[in-house]
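The values are calculated or read from the model by the stated rules, or taken from the named source; none is laboratory data. Quick caveat, the model's predicted, so the values are computed rather than measured. Counting neighbours? That spans all protein chains shown, and the Cβs are built from the backbone with ideal geometry, glycine included. Each accessible area value is taken on the protein alone, full model and side chains, heavy atoms only, with ligands, DNA and RNA left out. Shrake-Rupley method; radii C 1.70, N 1.55, O 1.52, S 1.80 Å.
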Amino acid sequence: MPTPPLDAAAHRQLEALRAIPAPSKAARNTSGDSYRGLKIPAEARQQPDLYAAAFATALLTQDYRTPRADLLDAIAAEGTKTAEPLVVGLVPPELRDRLPVFSVTDTTTGNGVAAVPDAAEWSMLAARKAYTSVEDVRVSEPIGWTNAVEAGRITDPGITARDVTATVTLHQTVDGHPLSTITSVAFTANFEGPPTLPTWRFVTLVQYTAIQTGQMGPS
């Protein structure tokens with residue numbers, strides 16, 4: 001049966017994915033201990049819930065005074081790929097290694113924001129000497145994923161999914177005054193690990209939302 005044509009939105013997403021640079025050879029290393037990924041404790045890489053929490057903390061703790069490219073390189077190095085149909089959908093095999101970076105910069109998966117701000121916003125925040133801090137990270141397994149596993153619909157034995165929530169505080173200086181903005185973040189992500197890989201790695205963000213819940217500073 002021929003593959004149905006992509007709709008306009010899917011086509012735009014595919015072109016955006018194609019525009020993401022392919023990970024370097026170093027980032028493709030899947031040994032679990034010899035790549036320059038995010039700063040995640042070794043013990044957290046052994047268990048999916050611990051890894052999801054540590055990954056969320058590392059991803060959302062952002063210092064805009066440092067190059068955005070450094071964070072994207074670390075995410076690329078942290079990433080891995082899967083052939084699981086429920087995860088990759090219509091993404092062609094040659095582009096699947098770009099999903100980790102694409103998914104954290106894509107604004108179409110939630111309420112119009114991305115986990116990593118675009119270059120213009122990053123530069124604006126850098127001018128404000130901004131950075132984020134993360135607390136109250138919570139992890140659970142999505143019931144839909146649990147049901148799919150129990151029904152035998154998952155073909156990759158190493159793939160899993162987790163829902164993550166966290167409180168993120170953006171610290172910045174506006175007109176010479178400190179300003180803190182508190183945001184509630186929630187995302188669903190896929191991770192790959194044992195028995196396919198020796199330790200857990202990041203595959204893709206499926207959905208990402210961020211809702212401002214408070215602000216402290218000048219009015």
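Given the conditions (1) within 24 Å of Ser184 (Cβ to Cβ); (2) surrounded by 13 or more Cβ atoms within 10 Å (Cβ to Cβ); (3) hydrophobic (A, V, I, L, M, F, W, C), report the number of the one that Leu95 does not fulfil.
Failing condition for Leu95: (1).
Considering only the stretch 44-80, state which residues are hydroxyl-bearing (Ser, Thr, Tyr) and closer than 20 Å to Thr160 by Cβ. So that I can check it myself, show each step before the final result.
Restricting attention to the stretch 44-80, the residues satisfying the condition of being hydroxyl-bearing (Ser, Thr, Tyr) are 51, 57, 61, 64, 66, 80.
The answer is Tyr51, Thr57, Thr80.
Condition first: open to solvent by 40 Å² or more (accessible area, probe 1.4 Å) and not acidic (Asp, Glu). Now tell me which residues in the stretch 111-134 satisfy that.
Step one: list which residues in the stretch 111-134 are open to solvent by 40 Å² or more (accessible area, probe 1.4 Å), which gives 111-113, 118-121, 123-124, 127-129, 131, 133.
If the condition is that a residue be open to solvent by 40 Å² or more (accessible area, probe 1.4 Å) and not acidic (Asp, Glu), then Asn111, Gly112, Val113, Ala119, Ala120, Ser123, Met124, Ala127, Arg128, Lys129, Tyr131, Ser133 are the ones that fit.
Looking at the stretch 146-196, which of its residues are in a loop (DSSP other than H, G, I, E, B), at pLDDT 95 or above and either under 28 Å from Met216 (Cβ atoms) or open to solvent by less than 10 Å² (accessible area, probe 1.4 Å) (or both)?
Hits for the stretch 146-196 are Gly158, Gly193.
So which of Gly110, Gly79, Gly89 ends up being modelled with pLDDT under 90 and touching a Phe, Trp or Tyr at 6+ places or on another chain (Cβ under 7 Å)?
Numbers: Gly79 fails: modelled with pLDDT under 90; Gly89 fails: touching a Phe, Trp or Tyr at 6+ places or on another chain (Cβ under 7 Å).
On inspection, the qualifying residue turns out to be Gly110.
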